[in-house]
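The values are calculated or read from the model by the stated rules, or taken from the named source; none is laboratory data. The shown structure was predicted, so the numbers you read here are calculated from the model rather than taken from an experiment. As a convention, Cβ positions derive from the backbone with ideal geometry for all residues, glycine included, and neighbour counts pool all protein chains shown.
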Amino acid sequence: MPDMTDRQAFSGLTVLDFSQGVAGPHATTLLALHGADVIKIEPLEGDWGRGLGKIEGDHCAHSVAFNRGKRSLALDLKAPDAIAAVNKIAAKAAVVVESFRPGVITRLGFGYEAIKKINPSVIYCSVSGFGQTGPYSKRPTVDGLIQAFSGMMVMNRLPDGTPWRQGMIAVDVTTGLYTFQALSTAILRQFRFGEGCHIDSSLMRAAAAWQGAKLMEWVHTEGNPQPLYMPAGSYKTSNGYIMLSAMRPHHFRKMFELIGRPDVAADPDLQTHENRIKNAPKIVKALNETMPARTTEEWIALLQPNEVFCERVSNYEDYLAHPHVKETGAVDWIKQDGFASMPIANIAGLPPAREDPARHHAPHVGEHSRAILGELGYSAAEIDAMVAKKAIVVPSLPARAAE
């Protein structure tokens, strides 16, 4: 049981979390990191999100990242004993989150109307691909398909025009952020006015919200959005890539003078914002010809002191090792069962992970089943009987919490 003297924003709130994968779990782990007691309801085999990428035991990097701070209760949602236990949690939960395909949670007996009868002020949040209504509501989907559906892949197209998928599950992560925002304001309304609600959160709508300005731009330009300014992009150097950005006229001229291309700086076709965009191929050609002559570090040493915006294109290893990242405490390293130390990117508004590493522990499948049922009033014998009937799963050995 979490410490009720904890002064985090959501301390003392119980969250019943049926969600799996990334979007819903991301939202609920943010609630947990802000103090809520998030009880993760998992099937007997565990959340399918535990199998995204390389697996260590019953975790992968994604399941650690998006389930920190929760407690796991693994059970069979069709078993009468398990149903009774979940209803006891639902009756006291401030928030319930689910991410089944629309209609499934209702058939299981835990839909909004059913929970509302036993908990009138509950905040109930459904996270899905296309939302709870509409012709695509029951259409199966994943992050990459929503990137395609929402226009994101076209916005992120390659120079030759090929639509391109983001290399991470960008829509799922973004949906988690928008869902956390919606839950946070709903919790405040619940606190102030005693009112609950049903939040319909979807990957489709989150992808559009994230690209809101691009949607407007598409209409404003009649489907022909232009670059925001030129030059802006990454260019090959002798040992890697450099990102360049020169929006203002004096930055443009200074950059090309410094790199030894005064001809481009003085080109009459490139002296206004509109002309630089119109004649972008000229700029790109000049940079592709010139930048490979030196290393990224040499260019940065030349350009940055003269207030030309540029940065090395780094990989994650570069980022984690960077002295600025280290000195500002942007990342802490936390031990998670089955893994070497894992980098935890600290979130604005939360204490650094190093100050409370136990809060960043991601539970094993059913790690807290016994403890949670005990808090609900079940005896050890009753819990053992539920284990024997395969209504719940408990770890064979006590899991070691984060140190």
Is there any pair with a first residue in region 249-271 that is surrounded by 17 or more Cβ atoms within 10 Å (Cβ to Cβ) and a second that is aromatic (Phe, Trp, Tyr) and not in a loop (DSSP other than H, G, I, E, B) whose Cβ atoms are under 8 Å apart and which are 6 or more apart or on different chains, and what are they? His251/Phe309; Ile259/Trp299; Val264/Phe256; Ala265/Phe252; Ala265/Phe256; Leu270/Phe252
Go through the residues of region 197-207 one by one and say whether even a single one is outside any strand (DSSP E or B) and out of contact with any Ser or Thr (no Cβ under 8 Å at 6 or more places or on another chain). yes
Taking region 229-243, which residues are more than 13 Å from Glu297 (Cα to Cα) and either modelled with pLDDT under 95 or of a type in the set (A, V, I, L, M, F, W, C) (or both)? Tyr229, Met230, Pro231, Ala232, Gly233
Residue identified as polar (S, T, N, Q), in contact with a Gly (Cβ under 9 Å, 6 or more places away or on another chain) and modelled with pLDDT under 95 among Gln226, Gln211, Gln166: Gln166
